[in-house]
Amino acid sequence: MSPTLLVLTVVVLYPTVMAFTESLYGAKGLDPKTGFISDTEPFVGLQNYADIFGQAGDRFWNAFWNTTFFTVVTVGLETLIGLAMALIMHKAFSGRALVRASILIPWAVPTAISGLLWRWIFNSDGIANALLGQQVLWTTEGFHAKVAVIIAEVWKTAPFIGLLVLAGLQVIPKEVYEAARIDGAGPLAQFWRITLPLVKPALLVAVLFRCLDALRMFDLPYLLIGAQKNSVETLSMLAQNEASNVRFGPAAAYAVLLFIYVFLIALGFVRLLGTDLVGDVGGPRKTKRNNKLRPASPAAGSAEASA
């Protein structure tokens with residue numbers, strides 16, 4: 001495990017410690033003690049965090065709730081759409097390869113290109129307004145800006161969940177569905193009793209990855225709507241805005257708070273659903289109990305005796 005721990009220390013632990021250290025320093029400027037311009041960043045302790053929850057509290061909480069709103073809505077929609085995509089891609093039909101390629105193309109498109117594409121679609125004289133038959137200023141302040149970001153994000157990343165769920169579907173034995181059909185189970189019963197329970201570990205992993213990724217959302221709303229828009233400003237955008245104004249201490253403080261938020265979400269997700277990520281431990285016991293209720297055939301008894 002030493003090489004893995006070394007890599008994690010270099011790419012995760014060291015930048016995290018340096019970000020926290022940077023958050024304890026203020027911006028360069030006039031030193032109130034001497035009255036001269038300081039070329040070094042003054043040590044301010046936890047003052048940056050106090051300012052975030054004090055003077056800049058309104059902006060921080062707005063970005064926090066925007067980040068949470070985008071995460072909950074986009075991941076929820078992506079889970080439903082991605083599951084439907086996986087079921088479609090898993091079916092055997094003529095032209096399945098073309099359908100799979102067309103579904104996965106949005107995920108393969110770089111986010112910067114996707115943001116510019118949807119900015120053109122949501123332009124005042126773009127395709128979206130032409131289809132709606134009315135003028136909606138999608139890239140300005142308001143709830144419609146949130147809707148534009150959600151649509152673009154779901155279009156971009158729903159295929160990612162579909163791809164992971166498809167991998168989980170392909171490991172389910174076909175004999176399970178054949179036995180269910182013999183027992184008289186319809187398509188809906190097969191989905192609820194077989195497909196969904198067996199694909200749940202892959203689905204939970206996909207949802208976890210998407211939650212962690214959505215909490216760090218920056219490039220899509222930044223390119224699609226723009227910077228310093230209260231309707232879509234996220235925590236990552238807030239940290240970038242502070243850094244672009246050469247306020248690296250407050251920017252690092254925002255980044256540390258975002259790291260803590262993502263860490264807590266990941267920890268809670270694993271603690272609550274960690275057992276499901278490795279499969280249902282109660283599954284084999286239920287199978288044994290169900291098998292005991294079935295009358296054993298003479299052939300099955302002889303097979304067990306020989307075994």
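The values are calculated or read from the model by the stated rules, or taken from the named source; none is laboratory data. Note that the coordinates shown come from a computational prediction; the quantities given were computed from them, not determined experimentally. Backbone-built Cβ (ideal geometry, glycine too); neighbour counts: all protein chains shown. For the accessible areas, the whole protein counts, side chains as well, though only heavy atoms, and no ligand, DNA or RNA atoms are used. Shrake-Rupley method; radii C 1.70, N 1.55, O 1.52, S 1.80 Å.
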Task: Failed item in (1) in contact with a helix residue (DSSP H, G or I) (Cβ under 7 Å, 6 or more places away or on another chain); (2) over 21 Å from Glu233 (Cα atoms), with Thr111 passing the rest - done: (2)
- [ ] Name the residue, out of Leu204, Leu223, that is in contact with a Ser or Thr (Cβ under 9 Å, 6 or more places away or on another chain) and part of a helix (DSSP H, G or I).
- [x] Leu223
- [ ] Answer with yes or no whether Trp107 is closer than 24 Å to Phe209 by Cα and touching a Phe, Trp or Tyr at 6+ places or on another chain (Cβ under 7 Å).
- [x] yes
TODO: Could you list all residues from segment 200-235 that are without any contact (Cβ under 8 Å) to a residue 60 or more places away in the chain and aliphatic (A, V, I, L, M)?
DONE: Ala202, Leu212, Ala227
Task: Considering residues of segment 225-255 that are among the β-branched types (Val, Ile, Thr) and under 19 Å from the mean Cα position of the chain (by Cα) only, the residue surrounded by the most Cβ atoms within 10 Å (Cβ to Cβ) - done: Thr234
Open item on the list: Could you go through segment 6-22 and let me know if any residue there is over 30 Å from Glu242 (Cβ atoms) and open to solvent by 70 Å² or more (accessible area, probe 1.4 Å).
Closed with: yes
Task: Candidate set from segment 84-93 (those that are touching a helix residue (DSSP H, G or I) at 6+ places or on another chain (Cβ under 6 Å) and not small (Gly, Ala, Ser)); member that is most open to solvent (accessible area, probe 1.4 Å) - done: His90
Open item on the list: Please pick out the residue among Leu188, Leu169, Leu131, Leu196 that is touching a residue at least 12 places away in the same chain (Cβ under 8 Å) and either surrounded by fewer than 17 Cβ atoms within 10 Å (Cβ to Cβ) or in the same structural domain as Leu238 (by TED's automatic domain parsing) (or both).
Closed with: Leu169
TODO: Have a look at Ala179, Ala112, Ala158 and point out the one that is open to solvent by 30 Å² or more (accessible area, probe 1.4 Å), part of a helix (DSSP H, G or I) and closer than 21 Å to Arg210 by Cα.
DONE: Ala112
Open item on the list: Which residue is most open to solvent (accessible area, probe 1.4 Å), if the candidates are limited to segment 28-66 and must be closer than 16 Å to Asn241 by Cα and at pLDDT below 85?
Closed with: Ala56
Open item on the list: Return the residues of segment 134-155 that are open to solvent by 20 Å² or more (accessible area, probe 1.4 Å) and either more than 18 Å from Pro221 (Cα to Cα) or not aliphatic (A, V, I, L, M) (or both); say none if nothing qualifies.
Closed with: Gln134, Gln135, Trp138, Thr139, Thr140, Glu141, Gly142, Phe143, His144, Lys146, Trp155
Task: Members of segment 199-224 that are basic (Lys, Arg) and open to solvent by less than 30 Å² (accessible area, probe 1.4 Å) - done: Arg210
- [ ] Within segment 108-128, track down each residue that is among the β-branched types (Val, Ile, Thr) and touching a residue at least 60 places away in the same chain (Cβ under 8 Å).
- [x] Thr111
